[in-house]
Amino acid sequence: MGLWTALELKQRKPTLRITIIERNTTPLGASTRNAGFACFGSPTELLHDADTVGADAMLQVAEMRFKGIEKIKSVFTAEAVGFDPCGGYECINRNYTGWQDLNDRIDWLNELLKMITGRERSFHRTDAKLPEQGLRGFDALVENKAEASIHSGKLVQSLTRKVKLMGVDLLYGLAITDWENENGLVTIKTNKEQPLYAHKVLFCTNAYTSRLLPQLNITPARGQVIVTSPINGLAMHGTFHFDEGFYYWRNLGNRILLGGARNMAFEEERTTDLAGSEKIKNALTNFLQQHLSPTYQYTIEHHWSGIMSFTEDKKPFVGKVSDGIFASVACNGMGVALTPIIAEQAAGMLLDHF
């Protein structure tokens with residue numbers, strides 16, 4: 001978020017002096033510790049959002065996600081960010097509450113999304129591909145050719161190189177502890193002795209906002225991931241979702257990255273602690289054993305976490321907090337796709353106050 005906003009600000013007003021403060025040696029949280037999905041929403045997730053916050057609100061966020069993916073493609077080459085237009089899928093079972101009307105609701109979604117994606121059918125049933133992808137234990141497969149995977153680390157590296165070339169300073173290893181605004185100048189106190197000064201400060205701290213700006217009521221959510229050993233003969237290629245997006249997986253070459261299961265322990269996963277839990281790891285391992293073809297042999301080689309953040313209405317927060325202090329946070333699990341577009345809003349907001 002901070003990198004995209006710095007890029008947007010420099011493009012609009014090159015004379016601005018911009019410094020990004022990063023408390024780690026490399027961005028953590030959800031910036032690099034995400035699953036690498038360039039997606040704008042699975043059908044059951046979008047349908048759930050339409051039912052809970054309304055179709056217009058759902059479409060507004062879906063459009064931002066779609067445009068964000070398109071912007072990444074326009075700013076960087078596919079090689080620079082590891083962009084793979086592999087297509088996305090959602091696996092659905094008969095116990096899904098909307099199973100009886102699934103085809104009709106997919107048609108309804110497609111009609112609404114047509115103006116956003118430019119496709120007659122963003123989603124279409126392709127159940128016959130389930131065995132081709134080495135999957136079992138699902139009743140339906142819905143494909144979306146507009147989605148892709150991306151290398152999160154390469155995206156951050158590419159953004160960092162780009163903003164540095166534009167004159168943006170990056171300070172690593174600084175944790176903000178406090179700040180105050182006096183006579184139009186913000187004094188920023190950190191874990192180091194020397195304070196920093198700025199005319200405007202934009203917090204792009206996502207899930208960690210709850211520590212710095214508790215009044216915004218941003219809820220952290222830990223997303224845990226497992227990664228398999230290389231799997232001989234793995235046919236799977238693409239990004240996959242299940243259960244309104246609470247499970248998500250994709251191939252990493254001939255490995256599988258699987259994340260999610262947060263909905264089985266909501267309270268426990270409302271944390272900024274990056275240490276994972278055996279409970280979620282075991283749930284993910286069991287899910288893979290249940291749904292991956294038994295012909296594949298593998299072990300679980302990696303288990304790690306990233307921290308997302310959520311708002312009650314699933315809309316990102318972009319706004320003024322107090323004099324000289326602004327925030328652009330809470331991507332609701334879709335930061336890869338949303339941040340390029342939210343950055344445009346954040347940049348416009350900041351420039352309006354200069």
Handout entry: For region 255-265, Karplus couplings with θ = phi - 60° (6.51, -1.76, 1.60), whole Hz, Gly/Pro x
Key = 10, 10, 9, 10, x, x, 6, 4, 6, 8, 7
Handout entry: Rounded accessible area per residue of the chain, 1.4 Å, Å²
Key = 46 Å²
Fill in the blank from the handout: For region 150-157, Karplus-derived ³J(HN,Hα) couplings (6.51, -1.76, 1.60; θ = phi - 60°; whole Hz; x for glycine and proline) come out as 8, 8, 4, x, 5, 5, 5, 4
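Students often get this wrong, so check it: of Lys10/Lys162; Lys67/Lys145; Lys73/Lys162; Lys67/Lys114; Lys71/Lys200, which have C-alpha atoms separated by over 20 Å?
Numbers: Lys10/Lys162 11 Å; Lys67/Lys145 15 Å; Lys73/Lys162 15 Å; Lys67/Lys114 14 Å; Lys71/Lys200 26 Å.
From Lys10/Lys162; Lys67/Lys145; Lys73/Lys162; Lys67/Lys114; Lys71/Lys200, over 20 Å: Lys71/Lys200.
Return a whole-number percent for the relative contact order of the chain, with Cα pairs under 8 Å and 6 or more residues apart as the contact set. List each step's numbers first, then the result.
Numbers: 681 pairs, mean separation 90.3, N = 354.
Relative contact order, the chain: 25 percent.
Per DSSP H run of n ≥ 4, the term is -39500 (n - 2.57); total these for the chain, divide by its residue number, and report the mean residue ellipticity at 222 nm rounded to 500 deg cm²/dmol. Please report the intermediate quantities before stating the final value.
Numbers: 11 runs with 121 residues, N = 354.
Rounded to the nearest 500, it is -10500 deg cm²/dmol.
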Exercise for the section: Under 1.5 on a/c is rounded, so check that first for region 37-141, then, if it is not, pick prolate when a/b is larger than b/c and oblate when it is not; a ≥ b ≥ c are the square roots of the alpha carbon gyration tensor eigenvalues. Expected result: oblate
Handout entry: Amide hydrogen neighbours beyond the local backbone of Ala140, cut-off 5 Å, H modeled
Key = Ile92
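Taking all protein chains in place and a 1.4 Å probe, what share, in percent, of the accessible surface of the chain do carbon and sulfur account for?
Values: 7780 of 16320 Å².
After summing per-atom areas, the C and S share lands at 48 percent.
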Problem - Separation in nanometres of the label points that stand 7 Å from Cα toward Cβ, at Leu274 and Trp99 - result: 4.1 nm
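Explain nothing, just the number: dipole magnitude of the chain about its Cα centre with +1 on each Lys and Arg Cβ and -1 on each Asp and Glu Cβ, in debye rounded to the nearest 20.
Numbers: 37 positive and 39 negative charges, 230 e Å.
Computed about the Cα centre, the dipole is about 1100 debye.
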Problem - Antiparallel content of DSSP bridges confined to the chain, in %, to 5 - result: 80 percent
Problem - Point-to-point label distance, Thr311-Asp139, nm (Cα→Cβ direction, 7 Å offset) - result: 3.6 nm
Handout entry: Ordering of 345-351, 199-205, 163-169 by burial proxy (mean other Cβ atoms within 10 Å per residue, highest first)
Key = 199-205, 345-351, 163-169
Exercise for the section: Return the long-range amide H neighbours of Tyr247 (sequence gap of 5 or more, or a different chain), with a cut-off of under 5 Å between placed amide H atoms. Expected result: Phe242, Ala261
Handout entry: Integer Hz, Karplus 6.51/-1.76/1.60 couplings in order for region 286-295, x for Gly and Pro
Key = 5, 4, 5, 4, 6, 10, 9, 3, x, 6
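Between Glu182 and Thr219, what's the calculated FRET efficiency when r is the beta-carbon distance and R0 is 35 Å? Round to 0.05.
On the way: r = 32 Å, r/R0 = 0.91.
For Glu182 and Thr219, the calculated efficiency is 0.65.
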Practice task
Find which of Gly36, Ile20, Ala50 sits farthest along the positive direction of the dipole of region 5-54, computed with +1 on the beta-carbon of Lys and Arg, -1 on that of Asp and Glu, about the Cα centre.
Solution key: Ile20
Exercise for the section: Starting from the amide H of Leu252, placed 1.01 Å from N in the peptide plane, find each other amide H under 5 Å away whose residue is 5 or more places distant or on another chain. Expected result: Leu257
Problem - Local electrostatic count, Phe123, Cβ distance below 12 Å [Lys/Arg +1, Asp/Glu -1] - result: -1
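The values are calculated or read from the model by the stated rules, or taken from the named source; none is laboratory data. None of the values given here were measured: they were computed from a predicted structure. All Cβ positions, even for glycine, are placed from backbone atoms using ideal geometry, and neighbour counts span all protein chains on display. In case anyone asks, the SASA skips ligands and DNA or RNA and just uses the protein heavy atoms, side chains included. Shrake-Rupley method; radii C 1.70, N 1.55, O 1.52, S 1.80 Å.
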